[in-house]
Amino acid sequence: MYRYDDIDRRILSQRVAQYRDQLQRHLAGELPVEEFRPLRLQNGLYMQRHAHMLRIAVPYGLLSATQLRRLAAIARRYDRGYGHFSTRQNLQLNWIDLPDTADILASLAEVEMHAIQTSGNCVRNITTDEFAGVATDEIADPRPLAEILRQWSTFHPEFAFLPRKFKIAISATREDRAATAFHDIGLYIVRSPAGDLGVRVLVGGGMGRTPIIGTVIRDFVPIAETLNYVEAILRVYNRYGRRDNLFKARIKILVKALGAAEFARQVDEEYAHVAGGEGAITEAEFARVAAFFAPPPYASVDAAGDRLDAAGDRAYARWIERNVRAHRVPGYRSVVLSLKKPGVAPGDCTSEQMELVADLSERYGFGELRVTHEQNLVLPDVPVARLRELWDEARGAGLATPNIGLLTDMITCPGGDFCSLANAKSIPISQSVTERFEDLDYLHDLGEINLNISGCMNSCGHHHVGHIGILGVDKDGSEWYQVSIGGADGSDAGGGRTAIGRVLGPSFSAPQVPDVIEDLIAVYVAQRRDGERFIDTAARIGLEPFKARVYARSRDGSDEAIREAA
């Protein structure tokens, strides 16, 4: 992974000192709340419903064992002994005391971490595939380009105050595991017919209040010109993006207003001024950064050493099926450690679990781990011969729930329990659904179903792209839940397609939601063909059979309430 040099460390040290001075002046009453607010946001510090939340950057989801141990120590000392991994591969601490924040940032800096640009109208954390570098369907390792983009965008003076927050994702595989099409800029690493490496560029994707699938504006940009072309996009957006209306400030609104063809023309016009200029990535610079991501010293094994054996142990076989992924090097696999244990908020991880995962990454790999888009953790390089041993340890720590990709492997935002923007709670909904579908045999029979939950239209839980999506809404001061089906984010679970879910109809109260999900599943089971996944059945039969079942029977005498909520 990338390691800081003296310049990196000096910049980070100066930033922490600057913030410490700002904090001390604020606490002394010398810096008013309205002046301190943008300063704390620049360092990833939000005021939530009950306390401050600190969002810590995990660039493209990559962590070392040392860094994870530091996160565990910070969560134990300054929070309540746990953290929450988000869909942007970052870690959020939800119970931070303001006077401690400078000390936390200083502690992070010691292990080459920070919270810079995890908030504000700037380029946020660059995200990519959690299996980058080890995936069997990879065209090229996306991490060097992600790191170059991170360095380029951090503290970029021209793009520090954009019209709105800005998110970039990179995919380099057949299966898109980064929801790339739903980002402000989506970059797909491709090869030209001549074999040259480049990117296909999408713009204007996003979820939130107006979900839109990104549009391709250029099929091929040479890898060396990636920064120049991205800069051209950001300049057009910075120049013409709306600043008068928060809800119309994202680049997707500008692209829609201008039309994709006109937006692309303006980008090309801007790009003509910078193409081949100082933003070009030289071969030497790309090689320098790529060297940080060189393969570790894998051991050589024969064909027998690459063979999985789960015979006679159903529980272990189930875990192998759901939580273990293919690896490009024979004799190794990647393992997904589930943060979706029943009774625990999805994405939450205790300090003790973080410390154990750090230990596991060293004992069963090379001291590296990943954060997934789905709020789980990955050990990327586990020897096949040691999988059963790892399973035993992970199971004892509540990290081996064999439900990856299944209904209870939910993406869930913190919702109304923490977030001041939320209209409704998300965590209790996820827990009630998990309790209803606790039979793992039944879940495995159902197969892959993505269930995503957001507590408001900001879509931090990515409900728009869930095979089943749940959105918390406010109805006259009460919490209700709108349900959609048919969303897909580009991953294999959706057949590689991208789609925005369609709303079933009137919303439901919290107690009704598990029944609604049960009804949706019942329709699927009755209608599916051999080998057909939920998303495929939903696409084939449409909304009407699901609607008919969901709204056919009364739940807790609430038919009248459902009609009123329509």
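What single numbered condition from (1) at pLDDT 95 or above; (2) farther than 27 Å from Ala294 by Cα; (3) buried (at least 18 other Cβ atoms within 10 Å of the Cβ); (4) in contact with a Gly (Cβ under 9 Å, 6 or more places away or on another chain) fails to hold for Ile320?
Going through the list (1) at pLDDT 95 or above; (2) farther than 27 Å from Ala294 by Cα; (3) buried (at least 18 other Cβ atoms within 10 Å of the Cβ); (4) in contact with a Gly (Cβ under 9 Å, 6 or more places away or on another chain), Ile320 breaks only (4).
If I filter the range 493-515 for residues that are at pLDDT below 95 and farther than 30 Å from Val216 by Cβ, do I get at least one hit?
no
Give Ile429, Ile411, Ile404 a once-over and let me know the one that is among the β-branched types (Val, Ile, Thr), crowded, with 20+ Cβ neighbours inside 10 Å and touching a His at 6+ places or on another chain (Cβ under 9 Å).
Ile411
From the set of residues in the range 484-504 that are in a helix (DSSP H, G or I) and small (Gly, Ala, Ser), which is nearest to Leu446 (Cα to Cα)?
Ala493
State which residue is surrounded by the fewest Cβ atoms within 10 Å (Cβ to Cβ) when the search covers only the range 356-401 and only residues that are without any contact (Cβ under 8 Å) to a residue 60 or more places away in the chain and assigned to a strand (DSSP E or B).
The qualifying residue surrounded by the fewest Cβ atoms within 10 Å (Cβ to Cβ) is Leu379.
I'd like to verify a number: residues in the range 212-244 that are touching a helix residue (DSSP H, G or I) at 6+ places or on another chain (Cβ under 8 Å), in a strand (DSSP E or B) and farther than 14 Å from Phe263 by Cβ, how many?
Residues flagged as touching a helix residue (DSSP H, G or I) at 6+ places or on another chain (Cβ under 8 Å), in a strand (DSSP E or B) and farther than 14 Å from Phe263 by Cβ within the range 212-244 amount to 1.
Assess whether Ser459 counts as being over 23 Å from Asp313 (Cα atoms), at pLDDT 95 or above and either outside any loop (DSSP other than H, G, I, E, B) or in the same structural domain as Ala179 (by TED's automatic domain parsing) (or both).
no
Ile562 fails exactly one of the following numbered conditions: (1) assigned to a helix (DSSP H, G or I); (2) surrounded by fewer than 17 Cβ atoms within 10 Å (Cβ to Cβ); (3) modelled with pLDDT under 95. What is the number of that condition?
(2)
Conditions tested, residue by residue: (1) surrounded by fewer than 24 Cβ atoms within 10 Å (Cβ to Cβ); (2) at pLDDT below 95; (3) touching a Cys at 6+ places or on another chain (Cβ under 7 Å).
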position	(1), (2), (3)
Ala135	yes, no, no
Ala140	yes, no, no
Phe166	no, no, yes
Ala172	no, no, no
Ala194	yes, no, no
Val199	no, no, no
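When you go through Arg328, Arg322 one by one, which is the residue that is under 21 Å from the mean Cα position of the chain (by Cα), outside any strand (DSSP E or B), over 30 Å from Phe418 (Cα atoms) and not assigned by TED's automatic domain parsing to the domain that holds Phe85?
After ruling out the rest, the residue left standing is Arg322.
Can you name the condition, by its number, that Arg209 falls short on among (1) modelled with pLDDT of 95 or more; (2) in contact with a helix residue (DSSP H, G or I) (Cβ under 9 Å, 6 or more places away or on another chain); (3) not hydroxyl-bearing (Ser, Thr, Tyr)?
(1) is the only condition that Arg209 fails.
Regarding the range 71-85, can at least one residue be identified that is buried (at least 21 other Cβ atoms within 10 Å of the Cβ) and either of a type in the set (S, T, N, Q) or modelled with pLDDT under 95 (or both)?
Checking the range 71-85: not a single residue is buried (at least 21 other Cβ atoms within 10 Å of the Cβ) and either of a type in the set (S, T, N, Q) or modelled with pLDDT under 95 (or both).
Scan the range 286-317 for residues that are assigned to a helix (DSSP H, G or I) and surrounded by fewer than 14 Cβ atoms within 10 Å (Cβ to Cβ) and jot them down.
The answer is Ala287, Arg288, Ala291, Phe292, Ala303, Ala304, Arg314, Ala315.
Return the residue satisfying two criteria in turn: it lies in the range 177-202 and is assigned to a loop (DSSP other than H, G, I, E, B) and without any contact (Cβ under 8 Å) to a residue 24 or more places away in the chain, and of such residues it is nearest to Ile139 (Cα to Cα).
Per the stated criteria, the residue is Gly195.
The values are calculated or read from the model by the stated rules, or taken from the named source; none is laboratory data. These figures come from a predicted structure and were not determined experimentally. Cβ: placed from backbone, ideal geometry, glycine included. Neighbour counts: every protein chain shown.
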